[in-house]
């Protein structure tokens, strides 16, 4: 499997790409929205909120956690999740900055 060359890109762009990859599925966005609405760590109810199997939800939680957008804390037999607010702010700032640098002209087509 080829390895991506990342040396030529800024740390900020690499982090933004990781965030974008983590957001690439609607279930992950739904998870972030649910965690934001609750404003606290939650354990089992994420599975109840999505039309997905528990194992699939776990895979999405893992992707969000690997990107640093959520944190997980083990409490007994369960893991409780909450947003990493610092990372969410960093992502929002990076997306905003990208939006400001893109020229919104008439387009090419």
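The values are calculated or read from the model by the stated rules, or taken from the named source; none is laboratory data. It should be emphasised that the depicted structure is a prediction, and the values quoted were computed from it without experimental measurement. Neighbour counts are summed over all protein chains in view; Cβ atoms, including those assigned to glycine, are modelled from backbone coordinates with ideal geometry.
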task: Please verify whether the range 2-11 includes one or more residues that are touching a helix residue (DSSP H, G or I) at 6+ places or on another chain (Cβ under 6 Å), at pLDDT below 85 and either at positive phi or not in a strand (DSSP E or B) (or both).
output: yes
message: Here are the criteria: (1) over 14 Å from residue 70 (Cβ atoms); (2) under 16 Å from the mean Cα position of the chain (by Cα). Tell me which single one residue 50 does not satisfy.
response: (2)
field: Unique match (being in contact (Cβ under 8 Å) with a residue 60 or more places away in the chain, surrounded by 11 or more Cβ atoms within 10 Å (Cβ to Cβ) and closer than 19 Å to residue 84 by Cβ) among 21, 15
entry: 15
field: Members of the range 67-86 that are surrounded by fewer than 18 Cβ atoms within 10 Å (Cβ to Cβ), assigned to a strand (DSSP E or B) and in contact (Cβ under 8 Å) with a residue 40 or more places away in the chain
entry: 82
task: Filter the range 28-64 for residues that are touching a residue at least 40 places away in the same chain (Cβ under 8 Å) and surrounded by fewer than 14 Cβ atoms within 10 Å (Cβ to Cβ) and give the result.
output: 36, 40
